[in-house]
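The values are calculated or read from the model by the stated rules, or taken from the named source; none is laboratory data. Being a predicted model, the structure only gives us computed values, none of them experimental. Cβ coordinates were reconstructed from backbone atoms using ideal geometry, including for glycine residues, and neighbour counts include every protein chain displayed. Side chains included, ligands, DNA and RNA excluded: accessible areas come from the protein's heavy atoms. Shrake-Rupley method; radii C 1.70, N 1.55, O 1.52, S 1.80 Å.
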Amino acid sequence: MRRAAGGGGGGDESEAMEEEEGRGRGGGLVFAYYVTGHGFGHATRVVEVARHLIGAGHAVHIVTGAPEFIFRREMDSPQLSIRTALLDCGAVQSDALTVDRLASLELYSKTAVVPRASILRAEVAWLRSIKANLVVSDVVPIACQAAAQAGLPSVCVSNFSWDFIYSEYMTVAAPRHRSIVWQIAEDYSNALFVVRLPGYCPMPAFRDVVDVPLVVRCARRSRAEVRQELGIGERENILLFNFGGQDSKWSLRDEFLPPGWKCWVCGAPDEQELGSRFMRMDRDAYTPDLIAASDCMLGKIGYGTVSEVLAFRVPFVFIRRDYFNEEPFLRKMLDFYRGAVEMNRRDFFSGRWAPYLGRARELKPRFDGPVNGGEVVARILQDAAVGKVDAPLRRSGSRRLQDAIIFGFQMQRHPSREIQLPDWYATSDTESGSLPAHARPGTAAGGSDDVVQIVHGSSQGLADTAWFLRTLGKLDEEGDVLASDHADRPQAQERLPAAGLFRWDDDVVVCRAPGRLDVMGGIADYSGSLVLQMPIREACHVAVQLQPATKQRLWKHMTARHGGAFKPAVRIVSFGSELANRAPTFDMDVSDFFDAQGKPISYEAARAYFEQDPSRKWAAYVAGTLLVLIRERGVEFRDGLSILVSSAVPEGKGVSSSAALEVATMSAVTAALGVDIAPNDLATLCQMVENYVVGAPCGIMDQMAATCGEANKLLAMVCQPADVKEHINIPSHVRFWGLDSGIRHSVGGSDYGSVRVGTFMGRRIIQAEAAKYISQISVPTVEANGTAGPCRAHLREVYDSELREIEQEINLNYLCNIPPSRYDALYAGLIPAELKGQAFFEKYGSHNDPVTRIKLESVYKIRAPTSHPVYENSRVKTFAALLTAANSDEQLSALGELMYQSHTSYSNCGLGSKGTDLLVSLTKHMQRCTLENAYKNQGTLFGAKISGGGCGGTVCIIGRDSQEAYEEISKIQQLYVGLTGHKPYLFEGSSPGAAQFGYLRVRRTQKCAHSTVPGI
C-alpha cells in the first residue's frame, strides 16, 4: 500500500494544525522519538518535525546519541526532553569518505544485538513511564520492537532503512552477523508504516508507506545579511566546504580555488591547515544560512545536505562515499533536478577543483517541489498517535524478505523487480535495464540506422550488438551537455562523458563476450575438475579506440592535470554504472602503469592503486587488462585508449559478469593493437587480471567460457589449467535455464575465499599424509608374505603402481586427480572437519595457493571443501556421458539427480543460501507434482543446482525443451515472488563466446550534432 501526503503550501494543512494545537495544549500527546546514531543529518531533520509537534502543544522525548545542543539550539522548550542513549550505530566510517562494512556490522552487534534483551526491558519500562502515545523512529530498528512489547504503535520516518544498507555488507560479513539483517527487518515490521522522504531507498520490511515532501530547515537570514556579516561582497564566488567533519590532515590550499573564489569551511578541526582564501566557520554556525548564501557547495551526499541544496537551489559538487547505499538514490534525485557535479577523489585531494566548480556554476538547479515536510510529517504523527490511520494487516518482515533482500543496490534495480518509481528514480541506461523492446537480448536484430558501418567482422544477427552499434553512432548527439541542461529530463550522467570518447575520423574496435551458466563443475575448477559451461544470451560489449596523445579529446579535469602537456591517457566510460553504485568514468595516464625507473608496476601496487577509490575500483577489471598485457606479453602502449563498456550480464548473479568484462576488454584491446593471442591464452591472461589486479581468487572456468564458448553448446574443459576437451551439443530435447535468487553472489567475498583456502588446506594435508604412508610400505613388506615366482613379480608390480600413485599424491597439483574410491579408502577419514588457521600453519606451513592467504585467527572448513571437488569431478564426467544417452525420462532423471547431488555438496561447503536452496526445493516440488499428475506422460523439470561460486546468485535448472517446462519455470517464479517478494530473472538462450564472435571494426557514416565535451 502506498499513500501520499502533503504538497503545496499548507492552506488546509495549517488550519488543521491550528485546530490540533487548540486541542493539544489542553491534553497534549507524548511522542518518544528515537534518532539513529548515524550522523547529524538525522538529528537535524528530527528537529524540524519535533519543532512542529511541540508547536502543536505536544511533548517530545528524543532518544539520541547526538550532542544535546543540536536539538536545544533549535528549540529550547520545556516540552522537549533529551535522553542520551545509543541503540544503533549506523555505518562506521574509517574516514570521512569510506564506510568500514565489517566494522559496521560488528559494532551493531555489540550495540544492539548482544545487549538486545536488556535494551528491550529498559526501553519498554521507560516508554511506559513517560506514558508515550506513539513511538517514532528515525530509523532505529529496536525502537519498533520495544514499542510493540510496550503495547504502543510505532511509525518510522526516513529515506532508507538499515536492513537495506546492511544487506550489501553481507558479502564481507562473518557468518555470525548474517542474522542482523533479518532481525532488523523483523523489528521494522512492527511499525504501522514508514513516512517515506524523497530520495528514498527500497524499504521492503515495512507494511505500508506514506510519501511526504522534503523535510528542510529554513534559512533564518537572507543571503545579503550572511555575506555582509562575513565580509563577502555580493559578486564574490563562495564555495561552502562541508563534509560533516573532515580529517585534520586534509590541507586546503589557496591554489585549490579558481581565481575569484573564496571558501567557507564548516567543521574544520583547529589543527587543520587552511589557506588565506579559506575561512573557518564557527562550530555553531547555522548551515542552512551558509548554504543559501553560497554559490556552490562541496561535500558528500547525505539527506540533510541534499534536501537543503535542492531547497535553496545551490549547485552541489560531491565526492562519493564508499559502501553506503543511500547515496545512489539521493544522487539520482540531484541529477533529475540538475543539482550536482561529481568530483573524483584523486582530483579532490590533489586540489584540481577548477573544472568542477566551473561546471557547477553552469548548472541551474530546478527543484520547485514543496519543502514543508516537517509540518506534514508532524501532522501524520499526530494522526497516528490518536488512531487516525488505517491498520494494515500484519506481515512479518523476515517472512517478506526471507533470503531475498537484495545484497546491494544493483540487485534492487533489476528490471524484474516491480516497484513504483517517481521521476527522479528512473533507471540508468543499461542493456539489462532500459533496452528498447527491439534491442533486448533474443529479439530480432535490426540495423544500426546506417549511422555506424561495419568494415570488418559480422554482428552475426545479434540484437544486442545491433543496439550497441546504434548507441555508438549517437554518442555525441545524446551526450550534448548544454542540450541536457535545458531538456525536460536530463540525460543519464554516464552518457555525457561518453560523448567525447571517440574520434570518428578513425575506426573503433568492438568485441563481445557473454556471461555463462555453470551447468556442472562450479567451484571445483581451481581443483582441476572437468566443468560444463554454457555461454548465455546476455553479454558485455566493449568498444576501444587507440588515440595519439595529440588527438585525444580529454575531459576538462584531465586537461587540468596534464597542464597543457600531451600524455597518452586511458579513459573509460561504463554504461549501467548506477545499477552497481559506482562512478561511471575512470581515467589514468598510461605512465601510471610504470614506476619511477620505467618498469611496469607490480600487481600488488596496481591493486592498491585501484583500491584508492572504491567507487572506481571496477576499473581494475578493465584497465587491469592493459597491465597484464604489459607485464606478461611485453605489449607497448604508445597511444592513449578510449574504452566504452556496456554490459547486459547482471552483476552479483553468479553468471560471470566480471569474466565477460575482462574478456571483452582484452579482446578489443588486442584487436585494436593488432596483437594475436590464442583464445586459451587470452582467457588465462584475463584470469590473472581477476586474481592479481582485482584480487578475487577465481578459477579459470569463467574466462574460458566467455572466450571459448560456442552458442547452444556446453564447453567441456578440464581445468588443469585450461584444457578444452570438446564442445558438447545440447540434445534437442534438453533445455537449461537460470533463475536468479536475488541474493548477491561474490567470488571476492569472505565465504568464497574461505572455502578456497579450506580446499587447498585439504590438498596440503593429503600431501602430508601421503608422505607418511609411503614410509610405511616397502619391498620387504611385500616379499615377507613368502610368495615366490610369478606371483612375487605381480606383487612387485602392485607395489610399484602403489608407489607411483603415492608419489603423485605427495606432489598433488589438483585434488580432482584423486579418484573418489581412493580418496574414501585412504584420506577421507584423515581430513578434519575444520581447523583454525594458526593450528594449520604450525603443523603444515603454507597451503601453497598463490591467490589466497590464511588468516591465522580464522577457523576454516576443510573436510567438505576438500571432498567436494573429488566427487564433483566424477559427477561431471558421468553427466557428460549421460548427455549422449537415448532420450528418456530415465536419462533426464539421472542428469537431474547429479545436479541435486552437486547442489547439496556445494552447500555443505558453506556456500549455499536460503534463496538458492528455495529455488532448488521449488524445482523438486514441481517435479513431484508432475509425477503425481497421471495424465502427463512425461516429466518436464528434472534437476537444479546453484551456478558458479559465492553465496547466492543463480540456480541452473535442467528440463525438457517443451512448452510444459516453460510453464513450470513460470510457476516457480511466481511461487518464489510470493514467498520472498523477489521475482527471479530468467536466463534462457545462448550466444557465441568472444573467440567465435571475433571483432568488429566500425566507423560512423553520418555526422551527429556537435556536442560539448563535459568537464567532469
*Could you tell me whether Ser893 is touching a Pro at 6+ places or on another chain (Cβ under 6 Å) and either over 17 Å from Leu714 (Cα atoms) or part of a helix (DSSP H, G or I) (or both)?*
no
*Residues satisfying the stated conditions in region 69-88, i.e. among the hydrophobic types (A, V, I, L, M, F, W, C) and touching a residue at least 24 places away in the same chain (Cβ under 8 Å)*: Phe69, Ile70, Phe71, Met75, Leu80, Leu86, Leu87
*Extreme residue, surrounded by the most Cβ atoms within 10 Å (Cβ to Cβ), among residues of region 162-207 that are at pLDDT below 85 and among the basic types (Lys, Arg)*: Arg207
*Just one of (1) surrounded by 22 or more Cβ atoms within 10 Å (Cβ to Cβ); (2) of a type outside the set (Phe, Trp, Tyr); (3) over 22 Å from Leu134 (Cα atoms) trips up Gly39, so point out which.*
(1)
*Restricting attention to region 676-720, and to residues there that are part of a loop (DSSP other than H, G, I, E, B) and without any contact (Cβ under 8 Å) to a residue 24 or more places away in the chain, which single residue is surrounded by the most Cβ atoms within 10 Å (Cβ to Cβ)?*
Ala678
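Residue-wise test of (1) at pLDDT below 95; (2) closer than 21 Å to Val635 by Cβ.
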{"site": "Leu546", "(1), (2)": "no, yes"}
{"site": "Trp555", "(1), (2)": "yes, no"}
{"site": "Gly564", "(1), (2)": "yes, no"}
{"site": "Phe586", "(1), (2)": "yes, yes"}
{"site": "Val590", "(1), (2)": "no, yes"}
{"site": "Phe593", "(1), (2)": "no, yes"}
{"site": "Ala606", "(1), (2)": "no, yes"}
*Of the residues Ala885, Ala944, which is over 32 Å from the mean Cα position of the chain (by Cα) and either open to solvent by 10 Å² or more (accessible area, probe 1.4 Å) or touching a residue at least 40 places away in the same chain (Cβ under 8 Å) (or both)?*
Ala885
*Within region 225-248, can you find the residues that are touching a residue at least 12 places away in the same chain (Cβ under 8 Å) and loosely packed, with under 13 Cβ neighbours inside 10 Å?*
Glu236, Asp247, Ser248
*What are the pairs, 6+ residues apart or on separate chains, where a residue within region 830-851 that is over 24 Å from Tyr603 (Cβ atoms) and assigned to a loop (DSSP other than H, G, I, E, B) has its Cβ under 9 Å from a residue that is β-branched (Val, Ile, Thr) and open to solvent by less than 30 Å² (accessible area, probe 1.4 Å)?*
Ile831/Ile765; Ile831/Ile766; Ile831/Ile862; Ile831/Thr866; Pro832/Ile765; Pro832/Ile862; Ala833/Ile862
*asked:* Being closer than 30 Å to Gly978 by Cβ, modelled with pLDDT of 95 or more and open to solvent by 40 Å² or more (accessible area, probe 1.4 Å) is the filter here; which residues of region 721-746 pass it?
replied: Arg735
*Could you say whether any residue in region 920-931 is modelled with pLDDT under 95, among the hydrophobic types (A, V, I, L, M, F, W, C), open to solvent by 20 Å² or more (accessible area, probe 1.4 Å) and not in a helix (DSSP H, G or I)?*
no
*With the condition kept exactly as written, say whether any residue in region 283-306 is of a type in the set (Lys, Arg) and either farther than 23 Å from His38 by Cα or open to solvent by less than 10 Å² (accessible area, probe 1.4 Å) (or both).*
no
*Determine if region 364-385 includes at least one residue that is assigned to a strand (DSSP E or B), in contact with a Phe, Trp or Tyr (Cβ under 9 Å, 6 or more places away or on another chain) and farther than 25 Å from Cys156 by Cα.*
no
*From (1) within 30 Å of Lys249 (Cα to Cα); (2) touching a Ser or Thr at 6+ places or on another chain (Cβ under 7 Å), pick out the condition that doesn't hold for Val139.*
(1)
*Extreme residue, farthest from Asp525 (Cα to Cα), among residues of region 834-849 that are open to solvent by less than 50 Å² (accessible area, probe 1.4 Å) and hydrophobic (A, V, I, L, M, F, W, C)*: Ala839
*If only one of Ala103, Ala96 is on the phi < 0 side of the Ramachandran plot, surrounded by fewer than 18 Cβ atoms within 10 Å (Cβ to Cβ), within 33 Å of the chain's Cα centre (by Cα) and at pLDDT 85 or above, which one is it?*
Ala103
*With respect to Leu469, determine if the residue is at pLDDT 90 or above and in a loop (DSSP other than H, G, I, E, B).*
no
*asked:* Which numbered condition in (1) at pLDDT 80 or above; (2) open to solvent by 20 Å² or more (accessible area, probe 1.4 Å) is the only one that Pro790 fails?
replied: (1)
*Can you pull out the helices (runs of 4 or more DSSP H) entirely within region 259-352 that have at least 3 residues that are touching a helix residue (DSSP H, G or I) at 6+ places or on another chain (Cβ under 7 Å)?*
287-293, 303-311, 327-336
*Being of a type in the set (A, V, I, L, M, F, W, C) and within 20 Å of Phe160 (Cβ to Cβ) narrows it down to one of Phe318, Phe312, Phe348, so name that one.*
Phe318
*Within region 160-179, can one find any residue that is among the hydroxyl-bearing types (Ser, Thr, Tyr), part of a loop (DSSP other than H, G, I, E, B) and closer than 30 Å to Gly275 by Cβ?*
no
*Which residues, taken from region 566-584, are of a type in the set (D, E, K, R), in contact with a strand residue (DSSP E or B) (Cβ under 9 Å, 6 or more places away or on another chain) and at pLDDT below 90?*
Arg582
_Just to check your reading of the model, which residue among Phe329, Phe316 is in contact with a strand residue (DSSP E or B) (Cβ under 9 Å, 6 or more places away or on another chain), buried (at least 24 other Cβ atoms within 10 Å of the Cβ) and either over 30 Å from Arg221 (Cβ atoms) or not hydroxyl-bearing (Ser, Thr, Tyr) (or both)?_
Phe316
*Considering each residue of region 512-533, count those that are open to solvent by less than 10 Å² (accessible area, probe 1.4 Å), among the hydroxyl-bearing types (Ser, Thr, Tyr) and outside any loop (DSSP other than H, G, I, E, B), and give that number.*
1
